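First comes the structure, then the notes that go with it.
The values are calculated or read from the model by the stated rules, or taken from the named source; none is laboratory data. Computed from a predicted structure; not experimentally measured. Quick reminder, even Gly has a Cβ in these numbers, built from the backbone with ideal geometry, and neighbours come from all protein chains shown.
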Amino acid sequence: MTPPPLAETAEISGPTTQAEPEIHPAVTLSLLSLQHALIHAQSALMPLVFIQIIDQFGVGVGQIGLLIAVGNVLSGAMQLSFGWMTRVMSRRGILGLGGLVFGGAMSLTAMTTAWIPFAATTVVARVGGSPQHPVGNALISEQYPVARRGSAISIHIALGNLGTVAIPLVGGYIIARSGWEPAVLIVGIPAIVVAVARASGEVSDALSKSFRERISALPSSALSGVMLVTSRLRRPSTESRRLPGNGHVVFTWASLNDGRS
């Protein structure tokens with residue numbers, strides 16, 4: 001008895017190339033601009049908060065001034081180090097980590113009940129926001145072509161300034177109605193959400209790249225077996241076809257749904 005022909009076999013030929021990292025300039029610009037607005041919002045909001053905690057924590061103007069100075073010095077010192085840090089860590093990774101530190105520290109600031117914890121978390125939040133200007137603008141320049149680079153950086157800067165303009169009105173209203181803690185949280189929690197969104201994109205891109213590399217590295221016999229099992233699960237077929245392309249097997253939702261490759 002003659003065995004039935006194999007269904008949906010795939011032939012692999014040609015050299016394989018390593019997949020490039022996924023780049024989504026519009027998504028990068030949107031998340032960076034929102035994060036930039038939140039960092040500017042913190043700078044505009046904290047003077048209003050300082051007015052409240054002077055009486056609540058029993059501190060003086062000198063201590064507030066020292067806190068601001070320490071935060072500025074540490075933030076500036078961190079900015080000097082990012083040129084070296086980008087050699088060992090990606091710009092997206094630095095910005096994502098900074099966003100998590102910034103948002104987490106701001107959220108913790110809203111939960112403090114004494115001067116020392118308040119001062120510590122405020123300084124940490126300043127340090128977390130320090131990568132935004134040098135690394136954020138560098139990342140935008142890296143992802144946008146020269147013809148659109150100026151416009152992209154302008155959008156990043158303009159939306160950051162929107163946080164400076166909006167938060168004194170919104171934050172002042174919230175402080176008057178509910179106290180300074182909720183006002184700080186409306187900066188901290190969105191910053192965490194933005195950082196998680198950035199991290200999710202990083203993980204998704206990494207998994208997608210790893211999957212493509214693993215598929216490309218499989219031997220031809222293994223890929224033929226995978227295609228055979230997939231085709232028998234989806235529909236019976238006696239047709240043997242060669243997949244188009246330069247040696248890579250490309251799966252699409254349409255091919256899995258209607259059986260076309």
Report summary line: Inside region 135-177, the number of residues satisfying the requirement of being in contact with a Leu (Cβ under 9 Å, 6 or more places away or on another chain) and not in a helix (DSSP H, G or I) is 1
Query raised in the report: Within region 162-200, can you find the residues that are free of Cβ contacts under 8 Å to residues at least 40 places away in the same chain and among the basic types (Lys, Arg)?
Result: Arg177
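Residue by residue, here is whether (1) assigned by TED's automatic domain parsing to the domain that holds Met89; (2) under 22 Å from the mean Cα position of the chain (by Cα); (3) farther than 23 Å from His24 by Cα holds:
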{"residue": "Leu108", "(1), (2), (3)": "yes, yes, yes"}
{"residue": "Ala120", "(1), (2), (3)": "yes, no, yes"}
{"residue": "Ala125", "(1), (2), (3)": "yes, yes, yes"}
{"residue": "Gly129", "(1), (2), (3)": "yes, yes, no"}
{"residue": "Val146", "(1), (2), (3)": "yes, no, no"}
{"residue": "Val165", "(1), (2), (3)": "yes, no, yes"}
Requested in this report: Within region 13-32, identify whether any single residue is out of contact with any Asp or Glu (no Cβ under 7 Å at 6 or more places or on another chain) and either modelled with pLDDT of 95 or more or of a type in the set (Asp, Glu) (or both), and answer yes or no.
Outcome: yes
Report task. Would you be able to say whether some residue in region 113-120 is of a type in the set (Gly, Ala, Ser) and either touching a Cys at 6+ places or on another chain (Cβ under 8 Å) or in a loop (DSSP other than H, G, I, E, B) (or both)? Result -> yes
Report summary line: The condition from (1) exposed (fewer than 15 other Cβ atoms within 10 Å of the Cβ); (2) among the small types (Gly, Ala, Ser); (3) outside any helix (DSSP H, G or I) that Ser130 misses is numbered (1)
